[in-house]
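Each value in this text was obtained by applying a stated rule to the coordinates, not by laboratory testing. What you see is a predicted model, and the numbers here were worked out from it, not measured in a lab. Backbone-built Cβ (ideal geometry, glycine too); neighbour counts: all protein chains shown.
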Amino acid sequence: MNRIFGRITMMGFLALGVGCGGTVQEEVESQSLNSVAQAAEQEQPRKVDDLIGALDRQAGVLHVLDESQGIVLKELKAEQVGSNTYLTRDELTGEQWRYSVMPYSRSIWFKWFKLCSNGQWVLSSMQCPTLIINDPLVRVWQNSSCGYRVQAASTGACTNVSSGSYRYEYLTAYKCAVGTGFCVERPAAMAIRYNYVLNACDPSLISSVQSENHNYLCKK
């Protein structure tokens, strides 16, 4: 099935009245999966026993434990648009996912997954991704909740460079944690970089906007 790509619309998050000056750390421009896993190793539901759904956004297929299909579709806020076709709009990124459902019995469900070195479970046929942004899976966990805040919202300093200036907007971000309910996690941005034509981060002179510092996040 074809994916329908949405567009991140983050302009409302930016508070550009903050004065310019200073520097901002550049480590948000790249982040490995391993560093994320190490930072939240104790908080995240990592047992494959708690994985009840895995939506492959690239292939357009929702792999699901058959006994949990109704719960997974509900957690994804799925809209049925065909006999076995569903549509979900991501609450964090605005992206739309169109997919079919492939259920598995409990006797074979867990055999379809392998554990990557970063602690994430992927389909056995997949290569373990090296960057979060390249991970195609949206995972649905049971015995979990979206209650682990990894970042509060804030606005970075304006930084002047030879090509103009830029500023980061850091978004409030939550990860799935051990709990008593369900949690949907997907790769999403924790920071938005606004680039400006001239120095001083003039809000009327934005040249481009890009998402950065991706992580496995959930919607609180």
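Computed values, structure above
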read-out	value
For segment 135-140, Karplus couplings with θ = phi - 60° (6.51, -1.76, 1.60), whole Hz, Gly/Pro x	6, x, 8, 9, 9, 10
For segment 27-217, convex hull of alpha carbons as volume per residue, Å³	128 Å³
From phi via Karplus (6.51, -1.76, 1.60), per-residue ³J(HN,Hα) for segment 160-172 in Hz, x at Gly/Pro	8, 9, 4, 8, x, 6, 8, 8, 9, 10, 9, 8, 4
Exposure proxy order (Cβ contacts within 10 Å, fewest to most) of 97, 112	112, 97
Distant-in-sequence amide H partners of residue 219 (H built 1.01 Å from N, under 5 Å)	184
Burial ordering of 105, 154, 165, fewest other beta-carbon atoms within 10 Å first	105, 154, 165
Karplus 3J(HN,Hα) series, Hz, for segment 209-214 with 6.51 cos²θ - 1.76 cosθ + 1.60 (x for Gly, Pro)	9, 9, 8, 8, 6, 6
Built amide H within the under 5 Å cut-off of residue 61, gap 5+	56, 100
Spatial separation of Cα centroids for segment 153-220 and segment 94-108, in angstrom	29 Å
Inter-probe distance in nm under a simple model that places probes 7 Å from Cα toward Cβ, at residue 131 and residue 83	4.0 nm
Long-range HN-HN contacts of residue 119 with modeled amide H, under 5 Å	none
